[in-house]
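Asker: This is the structure I have questions about; it appears just below.
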């Protein structure tokens, strides 16, 4: 299984991530198209679009983002951090 993340605006010189996320469809396509070149494979297993991927997952999404994404393409997984001292994600996302 191979997975990748996208949507981060990285500085090409420093490699540091900007605080702005960009997950517009054209940005996702560019990331997906570039992944096989970097990884030496023709498939990305954890995203889902254009026949190149099998599943779509999200890390730390807010509830409205989950609803928007799931309406277009069902999510296979949502990654959240579960801590005994902080139950915020569970209250916001899980039924």
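Asker: Which numbered condition trips up residue 22, out of (1) touching a strand residue (DSSP E or B) at 6+ places or on another chain (Cβ under 7 Å); (2) at pLDDT below 75?
Answerer: (2) is the only condition that residue 22 fails.
Asker: If I ask for residues that are modelled with pLDDT of 70 or more and loosely packed, with under 11 Cβ neighbours inside 10 Å, which ones from segment 44-66 would you list? Quick ask: steps written out before the conclusion?
Answerer: Within segment 44-66, the first condition is being modelled with pLDDT of 70 or more, and the residues that meet it are 56-66.
Passing the criteria: 63, 64.
Asker: Can you tell me which of (1) surrounded by 10 or more Cβ atoms within 10 Å (Cβ to Cβ); (2) modelled with pLDDT under 70 is the one residue 38 doesn't meet?
Answerer: Tallying (1) surrounded by 10 or more Cβ atoms within 10 Å (Cβ to Cβ); (2) modelled with pLDDT under 70, residue 38 fails exactly one: (1).
The values are calculated or read from the model by the stated rules, or taken from the named source; none is laboratory data. These numbers come from a predicted model, not from an experiment. All Cβ positions, even for glycine, are placed from backbone atoms using ideal geometry, and neighbour counts span all protein chains on display.
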